[in-house]
Every structure is written in C-alpha cells, then in structure tokens.
1. Just wondering, is there one or more residues in region 69-77 that are more than 9 Å from the ligand (Cβ to nearest atom), in the same structural domain as Ala106 (by TED's automatic domain parsing), among the basic types (Lys, Arg) and in a helix (DSSP H, G or I)?
2. Residues of region 78-98 being away from the ligand (no atom under 16 Å from the Cβ) and either surrounded by 21 or more Cβ atoms within 10 Å (Cβ to Cβ) or under 22 Å from Gly11 (Cα atoms) (or both), which ones?
3. Which condition number does Asn66 fail, the rest of (1) within 16 Å of the ligand (Cβ to nearest atom); (2) part of a loop (DSSP other than H, G, I, E, B); (3) surrounded by fewer than 18 Cβ atoms within 10 Å (Cβ to Cβ) being met?
4. If Gly121 passes every condition in (1) more than 20 Å from Gly54 (Cβ to Cβ); (2) surrounded by 15 or more Cβ atoms within 10 Å (Cβ to Cβ) but one, which one does it miss?
5. Taking interchain pairs and intrachain pairs at least six residues apart, which have beta carbon atoms under 6 angstrom, with the first residue in region 88-103 and in the same structural domain as Pro29 (by TED's automatic domain parsing) and over 22 Å from Gly54 (Cβ atoms) and the second surrounded by 10 or more Cβ atoms within 10 Å (Cβ to Cβ) and of a type outside the set (D, E, K, R)?
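The values are calculated or read from the model by the stated rules, or taken from the named source; none is laboratory data. Since the model is a prediction, treat every value here as computed from it, not as a measurement. As a convention, Cβ positions derive from the backbone with ideal geometry for all residues, glycine included, and neighbour counts pool all protein chains shown.
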Amino acid sequence: MHISLENRSGGTCECCSASPAQFAFTVSPKKEEPQNQVALCDVCFTDVEKLSQGEHWRCVEGSIWNPEAAVQALSYRIASQLKGSSSWAQNLLDSVEIDEDIVSWANSNQMNQIVHLDAFGNTLENGDTVVLTQALDVKGTSFSAPKGTVVKKIRLVHDQSDQIEGKINEQTIVILTKFVKKN
Ligand SMILES: [Zn+2]
C-alpha cells in the first residue's frame, strides 16, 4: 500500500473502520494511484466484488460521507449494487448528495461494455450488413435461410452480446452472432 494511502486511512479500513487495513483497492476504471484507491480490511477486500455479506456493507452508510472521492465512489457503488435487495441501501442513495462525477465514477462498472462479435471476432454495429455462415431455420416457419444469405441493417440486442436481430424473408428474427460474418 502506498504510504500516502496508509497515512490517509490511518491504517483502518476506509469502509468499515476495522483495522488493520492492509489492502489497497483501486476503484475501477481509474488508474492504480492512491487517490483512486481505498484502504480496506481483509473482510471488505475479500467481499467487495461479491458483496455476499449484505449486512456487513451497511458500513458504507458511514463511509459514503468520507471526504475522499474514491471512498465515496466505492461506497456509492456498493450501495447501488445492494439497493435491489436491501432497503437501507436504497434509503442511503436517496439521502446522500454526491457530486455527479463521483456518481458516474461509481456507476461506471454498470456500463458493462457489451460487445457483439461475429464468427470471426469482428465487432458488429447497428446497421451493419452480415452474411450467414451457415443455414438457419427461421423459427416458427418452414423457411430455412441458406448459408450466404445477406442480412442488412442488423440491430444489436442490447443486453445479449451473442444476439442480433435482422430481417430474413421479411421477418425480423434473432440471429446468434456466431453464425454471421460482417460483410
Ligand atoms: Zn473493512
């Protein structure tokens, strides 16, 4: 742990105040530098990504008021991830006022960058034209689209990185990305 982080934290966990805090946790996606790190104890460090110990994390009700941006961002992120299962977390998010850039830092882990790749690893985008790399049965019809069928103006299925939508035979169907090649 960097000496400045050690001094800042005073050797106690910046989430739950337990000591010793021996771990420097970098709040993604920022660089591994003390101002982007939070000093954590063993318990917090082990569970900070799984968040399996729901009640333990009520400690962020305190740490979210820490003047350090990294501690605020991590606390906010933890509360956001627990708000579905814990009413205290939702209450906390409703009651704090946090700078917008810290909120977006906290939430940046949720913009899970979904990338759609074709059968050859090319990145697919909305509006692309693709070619089927194998024959596909069109669900609910007796129609089978032969290999080599061109599908224009595809749409990416936003939460499914392995699926796109496209029109075949005037019908919009979901196609698995592994069966297409970007044209
Ligand atoms: Zn801790």
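1. There is at least one residue in region 69-77 that is more than 9 Å from the ligand (Cβ to nearest atom), in the same structural domain as Ala106 (by TED's automatic domain parsing), among the basic types (Lys, Arg) and in a helix (DSSP H, G or I).
2. Ala89, Leu92, listed by residue number.
3. Exception for Asn66: condition (3).
4. Of everything listed in (1) more than 20 Å from Gly54 (Cβ to Cβ); (2) surrounded by 15 or more Cβ atoms within 10 Å (Cβ to Cβ), Gly121 misses just condition (2).
5. Final answer for the pair search is Ile102/Ala69; Ile102/Gln72; Ile102/Ala73.
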